[in-house]
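The values are calculated or read from the model by the stated rules, or taken from the named source; none is laboratory data. In this text, all values refer to a predicted model and were calculated from it rather than measured experimentally. Methodologically, a virtual Cβ is constructed for each residue, glycine included, from the backbone with ideal geometry; neighbour enumeration extends over all protein chains shown. Note: accessible area is taken over every heavy atom of the protein model, side chains too, but ligands, DNA and RNA are not part of it. Shrake-Rupley method; radii C 1.70, N 1.55, O 1.52, S 1.80 Å.
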Amino acid sequence: MELKFEDLTKKFAGFTAVDHINLVMTNGVYGLLGVNGAGKTTLMRMLCTLLEPSSGTITYNGNNIFKMDSEYRKRLGYLPQEFGFYPEFTVKDYLLYIAAIKGIRSTVARKRVRELIAKVGLSKAADRKMKKLSGGMKRRAGVAQAMLNNPEILVLDEPTAGLDPNERIRFRNLISELSEERLVLLSTHIVSDIEYIANEIWLMKDGTIMHKGTADEIINSMPENVWQCFVEKGMVSEYMKRYKISNMKAEPQGVELRIISLEKPSEDARRIEASLEDVFLYYFGEKAGDEDAAV
Amino acid sequence: MCSYIILEKRQVMKMLRFEIKKVFCTFKNKMAVVLLLVILVAVSMLTMNRVEYTDSEGNHISGMLGARSLRAEKKKWKGEITEDVLEAVVRENEAINNSPEALSDDIAEQDKAYAKKQGISGIAELINNAYSEWRDYNYFAIDNVSAKEAKRVYERRVSNLKTYLESGEETFTDSEKNYLIRQYEDLHTPFYYDYTDGWSALLQNISTFILVLALIIGFLVSGIFSSEFQTKADAIFFSAKLGRSRAVLSKMGAGFLITTVFYIIFMLLYTLVVLAALGTDGANCPIQMDMWRSVYNITFLQAYLLIVAGGYVGTLFAATLSMLASAMTRSTATAIIVPFIVLCAFPFLSRVITLPGICSFFPDQLLEIYITLKDFVLVELGGKVVNVIAVIIPIYALACLLLEPILYRVYKKAQVS
Ligand SMILES: Nc1ncnc2c1ncn2[C@@H]1O[C@H](COP(=O)(O)OP(=O)(O)O)[C@@H](O)[C@H]1O
Ligand SMILES: [Mg+2]
């Protein structure tokens, strides 16, 4: 199986959200990493045939996915970033309905729904109305619906956004469990979400893929070094003006800084190994993810 | 192959069931159904009270009990309204007019006299019509009609029309005039007299009920297409295998089914309640007993069926347009307004600006067939004169059919961003 983006472009009223992207995917987990507004969702929506590209193509084994239509969509599972559902439906009914519009036969659907409800840990809530679920439970129902047709291609748009740290860990495990034997494209603005499960990481910025490769390759692509040094409290703002600071830790005798710089920022600075977080900061100029992303 | 088709069918049914469930599990739609039931009860009561009877003591009784007595009075005169009957009615009228009760100055006494006329009232009305000015019904015309003149009632119907057509007060073309005269002459006489007040009352309020029914049905189906966008369920819906094909069809099917089933059920309920209370007698009497000048040579039952058919097409048209607006604008609010525009704003518009020709083709006319039946609204099609009802029902039925593929395409091609 091969999915291919060729010169894929999407413009909204003159604004280019996705800009001439060329990529090839086969089986495995792809991590799409970028800050808000990078164009991740737009790219994924085109991949799910929800949006037609302004120019360029997406092909599945050489066939245009928009021409393949339902032939393509039957292989697809999609968890949108913000998704709605039918608030008055129970979890079970909701999944049975999605199974129906996915063209899954009733008998198969019932079995599949039962299995997936158990798998995502919603057995106790199966007869609860969708509107009564917590954010994390909704997301799990979302994963279950994406998996109903056992998709060859699984597209997950920021699946961990807004979850609390514990839930995020559980979710990450669930995803890596579901990732076997299929193509998974997972977008996030949180490095730790994909650092270990993605076979290939794409850094997306302003509609383009600026770097791609394994985590190590991406780390090595950074032309600058990472340093660790202690500075007095009063000096911190001076350093912040001059360097990109990827981390800061207050200690009794001063502040420990993690600095990204080509040259040694100070006499006592010690060169350390770069992490994906450092790279993210280097390329995007802002810290990766929110505070609880560190787990 | 066969089992495959059965499986497919089962699947479509399954989707359809879920679509219908989506409609009826929302609070506002549940409320709409409750409202419709309340209105059904209210309109049925109003309709029942349209039938009034005055007993021999001069007391007024309306509704079911009144209907029962009135029915008994009229049944005494049941049968063909021949020349002899017309003569007898004039005599009876005269006798009652000369009775002490009628000549008394006491209103209560006069009411007693009136009570005696209720059995012949339907026939007396025919005579009044035949001897009234064209657009000026005279309640007392019969009092000045001789027994001999009364025999000429059916003849007068045609000759009055001819006089009117020759007066130059109207604007009919020659072929239209010929059509009208032909229709008048074709009407079967003598009429058959029976108690028809049940049907008569039913038809008088039916347009209002159909309008309410159409608006509420429009409300129910207005969210079928837009709700996917409004609840943000669109991304999953359209990325599903059948999201741009059979799932769309099942939405259209749900809209059609809800419209049709609701229309039939509520129409039946209204009809059954009213006729059960007021009586089904007189179904085969000519509507001219109620609408003297009508050019439609049909019975009460046929008029009812025509009104119901027109109402259905109008309701379906409004509902389909509402669903189209729902799919195009993705806004349920906009879709809800559409039936109001189609069914209520047009009649208002036609009052503000006079477009006599076009107005009779507006979709609201489908709900106003009761009024159209009374009027001379004619159309010339390819040199042939036809009445407007025969034109608008098929036109709008066709329009509904043509809107379906448009609705399908609009929704199928939706972009989700
Ligand atoms: N329908 C739309 N119309 C106009 N601009 C849009 C639309 N959808 C997305 N955008 C813009 O495209 C850019 C990329 O958005 P998005 O794909 O959602 O990024 P991400 O998912 O990476 O946060 C943003 O600047 C956003 O404002
Ligand atoms: Mg996004």
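The residues on offer are B:VAL410, B:VAL391, B:VAL342, and the sole one that is in contact with a strand residue (DSSP E or B) (Cβ under 6 Å, 6 or more places away or on another chain), more than 16 Å from ligand 1 (Cβ to nearest atom) and in a helix (DSSP H, G or I) is B:VAL391. Restricting the search to helices (runs of 4 or more DSSP H) fully inside the range A:36-113 and requiring at least 1 residues that are over 22 Å from the mean Cα position of the chain (by Cα), within 24 Å of A:ALA161 (Cα to Cα) and within 9 Å of chain B (Cβ to nearest Cβ) gives A:91-101. The residue that is nearest to ligand 2 (Cβ to nearest atom), counting only those in the range A:8-51 that are basic (Lys, Arg) and surrounded by 18 or more Cβ atoms within 10 Å (Cβ to Cβ), is A:LYS40. Restrict the check to the range B:261-270 and report whether at least one residue is in contact (Cβ under 8 Å) with a residue 60 or more places away in the chain, within 12 Å of chain A (Cβ to nearest Cβ) and open to solvent by 10 Å² or more (accessible area, probe 1.4 Å). Among the residues of the range B:261-270, not one is in contact (Cβ under 8 Å) with a residue 60 or more places away in the chain, within 12 Å of chain A (Cβ to nearest Cβ) and open to solvent by 10 Å² or more (accessible area, probe 1.4 Å), which makes the answer no. Among the candidates A:LEU51, A:LEU95, the residue that is in contact (Cβ under 8 Å) with a residue 24 or more places away in the chain, aliphatic (A, V, I, L, M) and farther than 23 Å from A:ASP127 by Cα is uniquely A:LEU51. Among residues that are over 23 Å from B:PHE229 (Cα atoms) and in contact (Cβ under 8 Å) with a residue 60 or more places away in the chain, A:THR57 is not included. Go through the range B:207-241 and give me each residue that's hydrophobic (A, V, I, L, M, F, W, C), within 14 Å of chain A (Cβ to nearest Cβ) and open to solvent by 10 Å² or more (accessible area, probe 1.4 Å). Listed by number, the list holds a single entry, B:PHE229. Scanning the range B:95-106 turns up no residue that is within 29 Å of B:SER56 (Cβ to Cβ), at pLDDT 90 or above, open to solvent by less than 20 Å² (accessible area, probe 1.4 Å) and within 34 Å of the chain's Cα centre (by Cα). Return yes or no: is A:THR208 within 18 Å of the chain's Cα centre (by Cα) and either closer than 25 Å to A:LEU116 by Cβ or touching a residue at least 60 places away in the same chain (Cβ under 8 Å) (or both)? Judged against the criteria, A:THR208 is a match. Where helices (runs of 4 or more DSSP H) fall entirely within the range B:1-108, those with at least 2 residues that are out of contact with any His (no Cβ under 7 Å at 6 or more places or on another chain) and away from chain A (no Cβ under 14 Å) are at B:27-48, B:64-75, B:83-97, B:100-103.
Let's see how each residue does on (1) without any contact (Cβ under 8 Å) to a residue 40 or more places away in the chain; (2) buried (at least 20 other Cβ atoms within 10 Å of the Cβ); (3) outside the structural domain of A:ALA38 (by TED's automatic domain parsing):
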{"site": "A:ILE190", "(1), (2), (3)": "no, yes, no"}
{"site": "A:GLU224", "(1), (2), (3)": "no, no, yes"}
{"site": "A:GLN228", "(1), (2), (3)": "no, no, yes"}
{"site": "A:VAL279", "(1), (2), (3)": "no, yes, yes"}
